[in-house]
Amino acid sequence: METLLQQLINGIVLGSVYALVALGYTMVYGILGLINFAHGEVVMVGAMVTLAVIKLLAGSGLPLAVQLLIALGVAIPACMALGATIERVAYRPLRNAPRLAPLITAIGVSIVLQYLVVLIWGRGYHPYPELLPTTPIDIAGARISPAQIIIVVFSALMMGALLWLVHHTRLGRAMRATAENPAVARLMGVNVNHVITMTFVIGSGLGAIAGVLVSVNYSVAHYQMGFMLGLKAFTAAVLGGIGNLAGAMVGGLLLGLIEALGSGYVGDLTGGVFGSNYRDVFAFIVLIVVLIFRPSGLLGERVAERA
Amino acid sequence: MVAHIPEPPSMKQRSSFLLFSTALALIVAGCGKQEAASTGGDTIKIGLAAPLTGTQPHIGLDIKNGTQLGIEELNAQGLEIGGKKVKFELMAEDDEANPAKATTVAQKLVDAKVVAVVGHFNSGCSIPASKVYAEAGIPQISPGSTGVRYTQQGYATTFRVVANDDQQGPAGAAYAINTLKVKNVAIIDDSTAYGQGLAGAFEKSVQAAGVNVLAHEHTTDKDYDFAAILTSIKDKKPDLIFFGGIDTQAGPMLKQIKALDLKTHLMGGDGIQTPALLAQAGDAAEGTVASIPGLPKDKMPGGTVFLNKFKKRFGVEVELFAPMGYDAVFVLAEAMKKANSTEPAKVLAELKKVQFNGVTGPIAFDDKGDLKNGPITINVVKGGKWVPVETINGGATPAPAK
């Protein structure tokens, strides 16, 4: 029983990470109809910048928690600026182009960011210091570390904060209007460019924190860590209903649980025929099945009407 | 008075300019490469194929540096082969630890008319690339591929300066059974030719000795979340976990083993026996066991001298395979001297008979290209350092105690 509990915990932690990153994907897709492939890389840049600042502060004698706050204070605005720049430079000129153009551009931006990071920080795997306590606590025979608890709680908080932002503030109302119909929103006095930039900024800020949380949890940062994470997070967003904030959260958690339970039990269930190296396969099979029977995702999609 | 503001270039003007400058840049780049090839008729190119980017760049760089050092020292010796002074040049290519890229790299090296190739590192890359080299008759010496299949394909051009997994697996098994006295194990591999091969060799050996294999899980060489697999293994309570894979994953794996309170040690092969693993896993690495083909770095005949030379030249410590790259180059030079020629076919003939005392020990190849009598050393992490505890002389693998 405690194994099942442990696998569930593993799944929820993994899922919370996916959910946090998925929020960035789902917001951008909801408003622009664009899959921002570069988002995974922004997450990675957040982790890398934080590590760089921590290394700079290493000899300063400040407590680790303060160092983390300072590093985040540098990394979050950096990623926000990065997100806004990407939008301005790579996506805005293609606002009226056929859908394929910004998609390919997004892939290009993703590659450029990866290799910019290689130029600055090198290709190796960087060990991550223990910025959050990772000594596990025992709960009913299963183990969870404070860092993992923070990941889960923070993701939930962020989703709540985003939902509040979108439904109870002026900016949120502008975002919903733009998501529904950008042309009419513009006619109603919404500064659509500003709204889109803010979407990228918020998504990137969250992405930066997600990057740090992931790196602390696994104690490693690498220039390619954003790629698979981004792909899975996007899958989670689609699973829950693209454009739907709550959907991103549900999709993320579900994906994490499927992966953890799948790779943990499939070996036993199939008598060793399919091993845990098929864990990515389960996630994508579930996605295919859900989309066949419910094409708009579990909670329904919300994308801009493009007349 | 209105200043004349120059009109921005039209769309058509912009694209033709862009086209022109791109073409110009390509021509210049192409010219640059050709110039390098045409200077010096006596420049002998030796190819290097290693994972310089991707999942194991520190190992690739280590091999490149070791080989580079060898080339520089050979050039300093001013060798004369076939009556002409020769100068060696290293042509280093990156195979990204990706089997598909490896064959592309191999073709590129062959087309560049290298005399021999030191590479690749990953068995999963050496094996497909060996076909390309074999068809071109270019000798290939691997500084680190331990996958057995590499030398069993029937090619005359495959060599390696390390023991293979058919020796490494049983050696690790013997240590586990005789010294660690394990009765049941769990095995994880990274689904690569190397990881699966090594884990398979280990599994066969321990099963033959009556040890219970509780689980054989798989991951990929890009994953770093092992919580699900480790949780499943924890449930089965093994005495030891064997991991066929590389240090970049063993590091996070060790941390997760500690986090899950799995009270077993991890054992692996040469892929995990690096300083990078210690940096990555910190104190979670304590007690980890690893087998490596070859003698401990400082027990190698030329070890300490090499370590110091390397540190002085490159400013970093040797990871593990740099001495093998270094020796590979010297072995090639020795074969060239004996053949008194730099033609690949003649060098190949001499390589089969060569006997050379390298930094890593005496080097001679058997009829398949495997290293004769390659020793295997078992290392354990004690007090945050890799400490060699046992050396098993190659060829004779100790029979596991029943």
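Here are some notes:
- The set of residues from segment B:336-359 being within 22 Å of the chain's Cα centre (by Cα) and either part of a helix (DSSP H, G or I) or hydroxyl-bearing (S, T, Y) (or both) comprises B:L348, B:L351, B:K352.
Residues are listed down the side, and each one gets a yes or a no for (1) surrounded by fewer than 21 Cβ atoms within 10 Å (Cβ to Cβ); (2) within 12 Å of another protein chain (Cβ to nearest Cβ):
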site: B:I229; (1), (2): no, yes
site: B:K236; (1), (2): yes, yes
site: B:F243; (1), (2): no, no
site: B:P252; (1), (2): no, yes
site: B:D261; (1), (2): yes, yes
site: B:M267; (1), (2): no, no
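- Note on segment B:250-272: among residues that are modelled with pLDDT under 90 and under 16 Å from the mean Cα position of the chain (by Cα), the one that is nearest to B:D221 (Cα to Cα) is B:G271.
- Boolean, B:G70 is out of contact with any Gly (no Cβ under 6 Å at 6 or more places or on another chain), part of a helix (DSSP H, G or I) and of a type in the set (G, A, S): yes
- Residues within segment A:137-164 that are under 15 Å from A:L206 (Cβ atoms) and surrounded by fewer than 16 Cβ atoms within 10 Å (Cβ to Cβ), tallied: 7
- Residue in segment B:303-310 that is small (G, A, S), out of contact with any Pro (no Cβ under 8 Å at 6 or more places or on another chain) and assigned by TED's automatic domain parsing to the domain that holds B:T146 present: no
- There is no residue in segment A:179-194 that is without any contact (Cβ under 8 Å) to a residue 40 or more places away in the chain and in contact with a Gly (Cβ under 9 Å, 6 or more places away or on another chain).
- Scanning segment B:133-164 for residues that are over 25 Å from B:A322 (Cβ atoms), aliphatic (A, V, I, L, M) and part of a helix (DSSP H, G or I) returns B:A134, B:A136.
- Among all residues of segment B:318-329, there is at least one that is surrounded by fewer than 24 Cβ atoms within 10 Å (Cβ to Cβ) and of a type in the set (A, V, I, L, M).
- Leading residue by the ranking (nearest to the other protein chains (Cβ to nearest Cβ)) among those in segment A:109-127 that are buried (at least 20 other Cβ atoms within 10 Å of the Cβ) and among the β-branched types (V, I, T): A:V117
- Evaluation of A:M175 against (1) within 19 Å of the chain's Cα centre (by Cα); (2) under 27 Å from A:S110 (Cα atoms); (3) part of a helix (DSSP H, G or I) (one fails), failing number: (1)
- Lone unmet requirement of (1) at positive phi; (2) part of a loop (DSSP other than H, G, I, E, B) for B:M300: (1)
- Every residue from segment A:249-268 that is within 11 Å of chain B (Cβ to nearest Cβ) and closer than 25 Å to A:L157 by Cβ: A:G256, A:L257, A:I258, A:E259, A:A260
- Count - residues of segment B:136-164 that are over 14 Å from the mean Cα position of the chain (by Cα) and among the hydroxyl-bearing types (S, T, Y): 4
- Here B:A279 meets each of (1) part of a helix (DSSP H, G or I); (2) in contact (Cβ under 8 Å) with a residue 40 or more places away in the chain; (3) within 8 Å of chain A (Cβ to nearest Cβ) with one exception, condition (2).
- Residue check: A:V286 meets all listed conditions (1) surrounded by fewer than 23 Cβ atoms within 10 Å (Cβ to Cβ); (2) within 14 Å of chain B (Cβ to nearest Cβ) but one, namely (2).
- Failed condition for A:G33, given (1) more than 14 Å from chain B (Cβ to nearest Cβ); (2) at negative phi; (3) not polar (S, T, N, Q): (2)
- Some residue of segment B:291-308 being surrounded by fewer than 21 Cβ atoms within 10 Å (Cβ to Cβ) and over 20 Å from B:N379 (Cα atoms): yes
- When residues of segment A:47-79 are limited to those that are among the polar types (S, T, N, Q) and buried (at least 16 other Cβ atoms within 10 Å of the Cβ), the one nearest to A:G226 (Cα to Cα): A:T50
- Segment A:132-165, residues that are small (G, A, S) and either more than 20 Å from A:I209 (Cα to Cα) or outside any loop (DSSP other than H, G, I, E, B) (or both): A:A140, A:G141, A:A142, A:A147, A:S155, A:A156, A:G160, A:A161
- The listed residues are A:N36, A:N10, and the only one of them that is within 24 Å of A:I196 (Cα to Cα) and either within 16 Å of the chain's Cα centre (by Cα) or modelled with pLDDT under 90 (or both) turns out to be A:N36.
- Only listed residue being at pLDDT 85 or above, closer than 21 Å to B:T220 by Cα and assigned to a helix (DSSP H, G or I), chosen from A:A233, A:A283, A:A246: A:A233
This table checks each residue for (1) more than 22 Å from A:E130 (Cα to Cα); (2) not aliphatic (A, V, I, L, M).
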position: A:L34; (1), (2): yes, no
position: A:G40; (1), (2): yes, yes
position: A:A65; (1), (2): no, no
position: A:L72; (1), (2): no, no
position: A:P77; (1), (2): yes, yes
position: A:V89; (1), (2): yes, no
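- The sole residue among B:K255, B:K181, B:K234, B:K263 that is more than 26 Å from B:I376 (Cα to Cα) and either of a type in the set (S, T, Y) or assigned to a loop (DSSP other than H, G, I, E, B) (or both) is B:K263.
- Residue selected from segment B:193-227 under the condition in a helix (DSSP H, G or I) and among the aromatic types (F, W, Y), by the criterion nearest to the other protein chains (Cβ to nearest Cβ): B:Y194
- Qualifying residue in segment B:313-328 (condition: under 23 Å from B:G374 (Cβ atoms) and among the hydroxyl-bearing types (S, T, Y)): yes
- Within segment A:133-146, the residues that satisfy the criterion of being in contact (Cβ under 8 Å) with a residue 12 or more places away in the chain and either among the polar types (S, T, N, Q) or closer than 28 Å to B:G54 by Cα (or both) are A:T134, A:S145.
- Residue within segment A:128-144 that is within 14 Å of chain B (Cβ to nearest Cβ) and touching a Phe, Trp or Tyr at 6+ places or on another chain (Cβ under 9 Å) present: yes
The values are calculated or read from the model by the stated rules, or taken from the named source; none is laboratory data. Predicted, not measured: the structure shown is a model, and the values here were computed from it. Because the Cβ atoms are built from the backbone with ideal geometry, glycine has one as well, and the counts that use them run over all protein chains shown.
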